[in-house]
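S.K.: Sharing a structure here in structure tokens format.
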Amino acid sequence: MSKILESLPMTIVAGIVLTVIMVMATNYLEETNKSDAEKLISDVMK
Amino acid sequence: MEDFILFLVRYLHVLCGVMWIGILWYFNFVQIPSMPKIPDEQKPAISKVIAPEALFWFRWGAAGTVLFGLILAVMNGYAHEALTLQRPDIGFGMWMGLIMAFNVWFIIWPAQKIALGMVEADADAKPKAGRRAMLFSRTNTLLSIPMLFSMISAQNPPGL
């Protein structure tokens with residue numbers, strides 16, 4: 001980890017990777033937290 | 001009136017955030033990479049004058065960002081949901097901001113006080129403290145990227 005942090009470009013790349021992971025986790029949690037009614041509505045709207 | 005106060009709190013949160021992240025990026029994109037290029041006899045201009053001043057606004061910007069951010073979350077009614085990740089869009093950003101602020105006040109600032117000679121320390125403690133401050137400052141730079149994404153996407157659904 002310190003090898004990545006010692007390089008500013010690698011730190012930025014790691015930040016972008018973490019952002020992608022965060023977006024995927026957010027989408028997963030939002031799907032999981034939906035009520036059955038909300039899931040039905042979003043399925044219909046797709 | 002309540003709308004205006006909400007707006008004001010949000011404005012103060014962003015104002016403090018710009019102060020904080022602006023100086024964080026100054027440290028990481030400008031100061032740290034420039035230090036090796038500065039002649040030794042000129043380095044005290046950074047370590048004795050610029051860095052202490054920058055660190056003052058940096059840490060109080062962080063404190064203000066957290067304070068106004070938490071007030072905003074409570075006033076808007078999403079603080080608990082966000083911090084328990086029932087609202088992950090802003091919740092992840094809040095957690096990253098809190099971790100970053102913790103890093104500023106409890107790791108970076110204490111280490112910088114040693115590295116800059118603002119407190120008494122052994123000779124070999126200074127370079128270790130300087131490295132610790134650098135690594136955690138880089139960690140905050142890394143976290144600032146998803147944190148800002150979280151802030152923007154929470155206000156601009158559906159994000160991606």
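None of the figures in this text is laboratory data; all of them are computed from the coordinates on show. Being a predicted model, the structure only gives us computed values, none of them experimental. Please note: Cβ atoms are built from the backbone with ideal geometry, for glycine as well, and neighbour counts cover all protein chains shown.
S.K.: Roughly what angle does helix A:36-45 make with the longest principal axis of chain A, taking Cα atoms, 0 to 90 degrees, to the nearest 10?
M.R.: Value to nearest ten degrees: 80.
S.K.: Also: Across 5 Å bins from 0, what is the distribution of all Cα-Cα pair distances for segment B:70-140, in whole percents?
M.R.: That works out to 4, 17, 20, 14, 11, 10, 9, 8, 6, 1, 0, in percent per bin.
S.K.: How many nm separate the modelled label positions at B:TYR11 and A:VAL13, each set 7 Å beyond the Cα in the direction of the Cβ?
M.R.: Modelled inter-label distance: 4.3 nm.
S.K.: Could you give log10 I(q)/I(0) at q = 0.15, 0.24, 0.27 Å⁻¹ for segment A:2-45, computed by the Debye formula over C-alpha point scatterers of equal weight, without solvent?
M.R.: The computed values of log10 I(q)/I(0) come out as -0.54, -0.80, -0.88.
S.K.: When the Karplus curve 6.51 cos²θ - 1.76 cosθ + 1.60 is applied with θ = phi - 60°, which whole-Hz ³J(HN,Hα) does each residue of segment B:140-155 get, with x for Gly and Pro?
M.R.: With the stated coefficients, segment B:140-155 comes to 5, 4, 4, 5, 5, 5, x, 4, 5, 4, 4, 4, 6, 5, 5, 8 Hz.
S.K.: Apply the a/c threshold of 1.5 to the C-alpha gyration tensor of chain B and tell me whether it is rounded, prolate or oblate.
M.R.: prolate
S.K.: Separate question: Give me B:MET147, A:MET45 sorted ascending by neighbouring Cβ count inside 10 Å, so fewest comes first.
M.R.: A:MET45, B:MET147
S.K.: Right, another one. Put +1 on the Cβ of each Lys and Arg and -1 on the Cβ of each Asp and Glu in segment A:2-45; which of A:TYR28, A:THR11, A:MET45 then has its Cα farthest toward the positive end of the dipole?
M.R.: Selected residue: A:THR11.
S.K.: In straight Cα distance, which lysines are under 16 Å from A:LYS34, not counting same-chain residues fewer than 8 positions off?
M.R.: A:LYS34 reaches A:LYS46.
S.K.: A further question on this structure: Let me see the pair-distance distribution of segment B:1-92: every alpha carbon pair, 5 Å bin width, integer percents in order.
M.R.: All Cα pairs, binned at 5 Å, distribute as 3, 13, 16, 17, 14, 11, 9, 7, 5, 4, 1, 0 percent.
S.K.: Let me ask something else about it. What shape does the protein assembly as shown have by the C-alpha gyration tensor, where a ≥ b ≥ c are the square roots of the eigenvalues, rounded means a/c under 1.5, and otherwise prolate means a/b greater than b/c and oblate the rest?
M.R.: Because a/c hits 1.5 or more and a/b exceeds b/c, the protein assembly as shown counts as prolate.
S.K.: Same structure, new question: Could you size up the charge dipole of the protein assembly as shown around its Cα centre, putting +1 on the beta carbon of Lys and Arg and -1 on that of Asp and Glu, and report it in debye to the nearest 20?
M.R.: Dipole about the Cα centre, nearest 20: 620 debye.
S.K.: Rounded to the nearest 500, what is the 222 nm mean residue ellipticity of the protein assembly as shown from helices alone, with -39500 (n - 2.57) per DSSP H run of 4+ residues and division by all residues?
M.R.: Calculated from helices alone, the mean residue ellipticity at 222 nm is -24500 deg cm²/dmol.
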